[in-house]
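Structure record follows, encoded as structure tokens.
No lab work stands behind these numbers, since they all come straight from the coordinates. Nothing here was measured: the structure is a model prediction, and the numbers come from that model. Please note: Cβ atoms are built from the backbone with ideal geometry, for glycine as well, and neighbour counts cover all protein chains shown.
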Amino acid sequence: MTADVSDEGTVRVDTWIWSVRLTKTRSQAASACRAGHVRVNGDRVKPAHAVRSGDEVRVFHAGRERVVVVSKTVRKRVGPPVAVQCYVDNSPPPPPREFVAPVAIRDRGAGRPTKRDRREMERLQGGGGGAGR
């Protein structure tokens, strides 16, 4: 393998998180550590904490918790195929995306909607105005 990938030794946790592409930038990784969003073997850690093979790293980033076990230490950022080989992902599946109702689109210059058009738009948006009067 390339890019200083090894099974032994230690590397800073912020550098490792960035190197295996769990965050986009190293500063984001360091900020997550300082904010307490990174745990190594259950303990909150500072950015300079050393990780080694076998450590469990939990990262809460972008609204999702990632649980990974370090299999190889990396000092430089690597490509996605190599990054996936550097950890075992034990993360829970991401939550399903919420369904967004389609928004009624009217042609520009079509004028004010009729009562029928307005009721149809309300029905589509789920804001049905009630059961009549």
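The number of residues in region 1-15 being buried (at least 16 other Cβ atoms within 10 Å of the Cβ) and in contact (Cβ under 8 Å) with a residue 60 or more places away in the chain comes to 3. Tell me, yes or no, whether region 4-23 has at least one residue that is small (Gly, Ala, Ser), outside any loop (DSSP other than H, G, I, E, B) and more than 18 Å from the chain's Cα centre (by Cα). So far as region 4-23 goes, yes, one or more of its residues are small (Gly, Ala, Ser), outside any loop (DSSP other than H, G, I, E, B) and more than 18 Å from the chain's Cα centre (by Cα).
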